[in-house]
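Accompanying notes for the structure given below.
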């Protein structure tokens, strides 16, 4: 099957993005927010079959967050998620981001796509998703890693037992220190 992916305006495509989101996730995930960030859609012919988003992390300066991705069930298994990752990485580089972060919850298929795309598990100082979520990071530029300045006061912690926020990077209720690598992990990642 041939697919085409292109960046779209979230405002212009809000209805279609929300419809796709519902078809991909039902009520298992909070509705996406098309007015925030950058969006991509995939088509097979004239049928919209998937979407993805990137937004600025509210936790870390110069870091993007792979916000949401969904592919209709009957179009999965054709590499669309990895193509969405590459599209968002290209945009992140153009925006000057030094790294990308994201999380997965009960989703080994997405976890495997992230691994194949070069993402590594990391332990952020403050978790932003569910208590059992896995956190991922990929540095985009080795030079940027060495020059990265650790921001402060940009993170919020999800309280123990919380089911997680709708938008993981919108909580700003607790000050935090550290960047997307938080110390010793950065040295290990630079070596990889």
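All of the numbers you see were taken from the coordinates with simple rules; none came from a lab. No experiment lies behind these values; they were computed from the predicted model shown. Here the Cβ positions follow ideal geometry from the backbone for every residue, glycine too, while neighbour counts run over all protein chains shown.
The modelled label-to-label distance between residue 19 and residue 141, using points 7 Å beyond Cα along the C-beta direction, is 3.9 nm.
Between residue 7 and residue 106, the FRET efficiency estimated from the beta carbon spacing at R0 = 22 angstrom works out to 0.15.
Counting neighbouring beta carbons within 10 Å and listing from fewest to most, the residues 100, 20 come out as 20, 100.
Let me make sure I get this right: for segment 65-134, a, b and c are the square roots of the gyration tensor eigenvalues over alpha carbons, sorted descending. Under 1.5 in a/c it's rounded, otherwise prolate if a/b > b/c, else oblate. Which is it? Oblate, because a/c is 1.5 or more while a/b does not exceed b/c.
In this calculation the C-beta distance from residue 27 to residue 90 is compared with R0 = 30 Å, giving a FRET efficiency of 0.40. Taking the centroid of alpha carbons for each part, segment 77-136 and segment 8-26 are 20 Å apart.
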